[in-house]
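Computed from the coordinates by the stated procedures, all read-outs in this text should not be read as laboratory data. Keep in mind that this is a model prediction, so the values were computed, not measured. Virtual Cβ from ideal backbone geometry, glycine too; neighbours counted across all protein chains shown.
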Amino acid sequence: MPWQLCPPKRTKKTKIEPEDTVVSSQSTEKPHQSPSGSQLHDDSTSVNRKLASGNPATKIPDNQELAPNHAPAAEQKPASTQEQADRLKNLGTSTINTGLWTEAQKKLDDDDLRRLKQFINIGGGDLHRAVEERLKTIRDSRLEIEVNGKKHNVREGAKKVLDTLCRFEPVIKAATAAESHASLAWGGISAFLPFLATALSQTDDALDDLEAISNILVKFRAIEVVYDLSDSKSAESVHMRDCHNKLWSKTVELYGKILEHQIKLMHHYEKNQFSRMTRNMTLQPIGDFRGIKKVEEAADEFLKIIDNSAIQTIDRGLRSLGDTVNRNLELTRQVYQNTRDIGQRQLLANLPRAESAGFDDILDDMELPQCHANTRREVLEEFGSWANGEGGANCVFWLRGMAGTGKSTIARTFAQQLHDKGRLGASFFFSRVQDDRNKARKFFTTLALDLSQKVSGFSRCLGDSLLKYGNVETKSLATQWRCLILEPLEDLSSSLLAPLDLVLVVDALDELQSPEAVIHLIDLLLTAKKLKMIQLRVLVTSRNETHIVKRFSEQSGVTWLSLEDEGLSDSTKRDISIYVRHKLSLIAEKEDLKDWPAEEETQQLLRFSGGLFIAAATACRYLERSDLPELKLPEFVSAGRSANKGTAALDDMYRYILDRMLTEGTDLDEIKQYFKVIVGTILISREPLSISEIAELLGLPSRYIRPILKPLTSFLIVPESDNRPIQLFHLSFRDFLTNKERCDDEAMLINEDEAHRNLFRFCLEYLSSSPSLLKKDICELNHPGTLSSEIQREKVIEQIPRTVQYSCQYWALHLKYANTSKSGAMEISKAFNFISTHLLHWIEVLTLIGRIDDAVAGIAKLKSVTVVSQVSSRS
């Protein structure tokens, strides 16, 4: 905002005080008497005539007290126009002490002044230094912050105050250094600004007042210095000295009024202590700002008598000074930011990210499902109320429910809503079947990277924190939480004048492998309530695992909702009905089926779904992929044999579809032969593998694999390309096939131990199948001392195929999960043979792909498996 002074409009006969006298250049009145009784010199008439030229009625307010110690003195030549211009130009370094603030404070209550000083300088110590620190904080404050492209702005009035404080920071610092008592007024401005900027209601007038007071303080500091109110001897006549002294007195009165205004504001704030950082603070009109303006206008009149062009001169000078400070400040910021950004970008680039962990990550160009527009409204509305802080909301919301109840879909939908509103900080969707997403090691680093991309200013704060902590990814979860999330947000909040609401969405916490890590994360996430200006809330979803239920039930500050509550059962049935009818209508439209399905068939399908969204979704996907859905639907719903409790309905669906696959059609022998090996590999692989990668590992042609997977597209996402990874639609399919209590058909059941043993063997056999797969200097660098950071990522990908990367990373893990005992001697022998031949090659590959820690872990796992095998052999 450009600097602007708005002198009051004047009329011919407007009086400043009841006894003011109007003197015209043609006046025949007697010479004006000073309060001391001395008659004004004759030359005062000519001075007044000169000042009033072009203005037939220049007012000379009368009946004012002379300022203390400002009695008329010997005549002295006033400061020249050039001297005044130089003083205005050097206002930011002036040390002139007029004593005005000292006089102003004498008329106020000492206890009020002491409390105001304590309010401004909470930590104690030197008040001038405290004001400088507050000015620095405000200078670095952010007028707006973007979250996902949505701007969150401070109030317009706060922007204007901030603009004044930034443009005239040197003037303020010089004024408070010259006269320490001035620190009280400027400290009040800087102290009240954050509270007024964050209060909920009726603060626009208060902010306007604060802006006007800021401008008044700058303007009158300029008047103090330019016209040297510390000394009246420079006036060229007794009358002018009298005006000078009256201006001095009015300025003292003005400063006193400003301090009184701030004291009243402080009293009001202290009455609202319960709403600290004060979103709930409601401000009624406070103080006597009209009184401040009235005294300012009176002082302006005396100033115009002394110098009729004073207002315009100061206006131009302050505008020029403010523009110069702004340019210099912006240049300094740019140089500093450019220097700091270089190092910070490198630090952030080194943070590991979990792949496909975000709510909006796409699998093979296929977006993951979100709630139908008319479903889950009650749950999403409850989320929305919580995220808005209604009813003193807790910082953590826990959504619980059994497998298949739609937790992930609800979480993904809510994350999208938050994203669209500029409220989503970050999201992390755990997955038991993906190594990056079933451990906590990349949880906070991924959230931090998301925040740095979504929230403007966060990356700078994160970079500063990383410089302090060093290699944080190797440190404890508590240290990562502080370094990557909590402290950067605290740092960012210190630069905000308006509050900011952010939500983290954490889905499927139960799929984190370590129960201890789950408990630790719950405890850490609950400490988000420590943040004040930034309100961080966390939505967590999980199954009803015992350790999770126990931990959340022990904590305060948690809101929770169960999708299995009886209160939600009716709405769940309604929502499933809406979803199924919508899907069936799309199938009917696609297949050009008239009046299909019949209402009875629809009702049968709804009953078959058993109140589980995943069951309904699986049924609809099965029908979508059927050649003749109108024939498949009656056959499909007739397969329901369970009491529709728990996962029984879902199990019936899985069993029905798999049974059709294994007992109908052609090539049944080949399907049965390869089903367990191929599907077992997909279910227990630590990262999603593509058809071509599975073919390489198993030593099969790709064309053998796709026919096995085609009937499973109701459960699996099978891309058209052989080079894209295969994904599970839902973890419940894996749970069914690996649980012999649920899957009672031996032809379908996948033995996890055996599947891990097979994949361990496939990995080592593949790595040993060709000398070109593992060898010395695999990237052909020709320089043994080359740093990994100097090697281009593209070269690593080109020289080390993903199948080689996967095999090197996970063969030892598959060996560990193979539950090796006496029958595992062969596997252990294979592992030692591989190590003896390819140890250095293996370590080189893991180093190049940034997973050297897997080498250490792999050797430790091999050692533990060997010990177990030896003990089993002796027994």
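FRET efficiency for Gln312 and Thr95, Cβ-Cβ distance as r, R0 = 22 Å, nearest 0.05? Intermediate results must be reported in sequence, preceding the final value.
On the way: r = 26 Å, r/R0 = 1.19.
About 0.25, to the nearest 0.05.
Efficiency by 1/(1 + (r/R0)^6): what FRET value for Thr786 and Ser721, r their Cβ-Cβ distance, R0 = 60 Å, to the nearest 0.05? Before the final figure, lay out the partial values.
Values: r = 34 Å, r/R0 = 0.56.
Efficiency computed from Cβ-Cβ geometry: 0.95.
Extension gain, Trp596-Thr474: 0.36 nm per intervening residue step, less the Cα-Cα distance, totals 38.1 nm. Listed by chain and number, the aspartates and glutamates whose alpha-carbon sits under 14 Å from that of Lys573, ignoring those within fewer than 8 places in the same chain, are Glu378, Glu564, Asp565.
Quick one: which of Lys219/Lys293; Lys117/Lys530; Lys107/Lys250 span more than 19 angstrom between C-alpha atoms? Please list the in-between numbers first.
Working: Lys219/Lys293 13 Å; Lys117/Lys530 27 Å; Lys107/Lys250 13 Å.
Violating the 19 Å Cα-Cα cut-off are Lys117/Lys530.
In a simple Cβ point-charge model (Lys, Arg +1; Asp, Glu -1; nothing else charged), the range 754-874 has a dipole of about 560 debye relative to its Cα centre. Remark: the Ser180-Thr102 segment gains 27.2 nm on full extension, using 0.36 nm per residue and subtracting the alpha carbon distance. Stretched out straight at 0.36 nm per residue, the stretch from His582 to Asp669 would grow longer than its current Cα-Cα span by 27.5 nm. Protection proxy ranking of 523-534, 770-781, by the mean of other Cβ atoms within 10 Å over each peptide's residues and highest first, is 523-534, 770-781.
By the gyration tensor of its Cα atoms, with a ≥ b ≥ c the square roots of the eigenvalues, what is the shape of the range 377-564: rounded for a/c under 1.5, prolate for a/b over b/c, or oblate? Since a/c reaches 1.5 but b/c is at least a/b, the shape of the range 377-564 is classed as oblate.
Find the lysine pairs in the range 754-874 meeting two conditions, Cα atoms under 14 Å apart and a separation of 8 or more places or different chains, and report how many there are.
Details: Lys816/Lys830; Lys816/Lys861; Lys816/Lys863; Lys830/Lys863.
Number of lysine pairs found: 4.
Applying 1/(1 + (r/R0)^6) with R0 = 35 Å to the Cβ-Cβ distance of Leu628 and Lys421 gives a FRET efficiency near 0.20.
Once a ≥ b ≥ c are taken as the square roots of the eigenvalues of the Cα gyration tensor of the range 589-700, is the result rounded (a/c under 1.5), prolate (a/b larger than b/c) or oblate (a/b not larger than b/c)? The shape class here is prolate. At 7 Å along the Cα-to-beta-carbon direction for both Lys740 and Asn833, put a label point, then send me their distance in nm to one decimal. Placing both labels 7 Å beyond Cα along the Cβ direction yields 3.0 nm.
Shape of the range 754-874 from the C-alpha gyration tensor: prolate (a/c of 1.5 or more and a/b above b/c, with a ≥ b ≥ c the square roots of its eigenvalues).
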